[in-house]
Amino acid sequence: MSIFGVTKGTELEKEIDKMWKGEAQGAAMYAGLALLAKERGLEEVSEKLIKVSADEARHAGLYAVLNGHVNGDIFEVLKKTEPIESNGVEKLQQFAERVRKLGMKEAADHIESAALDEGRHGEILKDLVKRFIAVQ
């Protein structure tokens, strides 16, 4: 049996929503702390915090599924999301250039790295849709 939406409309829904939001914020906080730790040469701290961040993101996903906040049509979501990820590359690169012009080279470098990640994410989503949509 699927856990999709099982807590939606129950007495647990509001509590699950709070947990969802808390875990999502925790994921961002730990990822940010991991970045700061890496900048400071604390590689082990950074690696451990990035793993904690991934766990928190997974937990947020769980709570989102329990309350039915995620569209259950996986490949429809991927088809719609792929262009957003792919198109984010150019927008983020333009933004990075604006940041660079303000003298924040290192910040711009990180944003450019994120832009490349977005492009990679788009390619991954495109590939998944192409390979698995026919299986459905």
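Nothing in this text is a laboratory measurement; each read-out follows from the coordinates by a stated rule. Predicted model, so just to flag it, every value in this text is computed and none were measured. So basically every Cβ, Gly included, is an ideal-geometry build from the backbone, and we count neighbours across all protein chains shown.
Structure data summary
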quantity: Label point 7 Å beyond Cα of Ala54 along Cβ direction - residues of region 1-35 with amide nitrogen under 14 Å; calculated: 31
quantity: Karplus (6.51, -1.76, 1.60) ³J(HN,Hα), θ = phi - 60°, over region 9-18, in Hz, Gly and Pro reported as x; calculated: x, 9, 5, 8, 4, 5, 5, 4, 4, 5
quantity: Order of Glu15, Glu82 - criterion: other Cβ atoms within 10 Å of each residue's Cβ, fewest first; calculated: Glu15, Glu82
quantity: Selected from Glu23, Glu118, Glu11 as most flexible by GNM, with the chain as the system and alpha-carbon contacts under 10 Å; calculated: Glu11
quantity: Quotient of C-alpha Rg and 2.2 N^0.38 Å, computed over region 74-132; calculated: 1.31
quantity: Hits among lysines - C-alpha to C-alpha of Lys21 under 19 Å, sequence gap 8 or more where chains match; calculated: Lys8, Lys51
quantity: Over region 41-136, relative contact order from alpha-carbon pairs under 8 Å, at least 6 apart, %; calculated: 30
quantity: Rough spin-label spacing in nm, given labels placed 7 Å along Cα→Cβ, for Glu106 and Glu47; calculated: 2.2
quantity: 5 Å-binned pair-distance histogram of region 53-105 (Cα, whole percent); calculated: 5, 16, 12, 14, 16, 15, 12, 8, 3
quantity: Computed helical MRE - 222 nm, the chain, DSSP H runs ≥ 4 contributing -39500 (n - 2.57), nearest 500; calculated: -28000 deg cm²/dmol
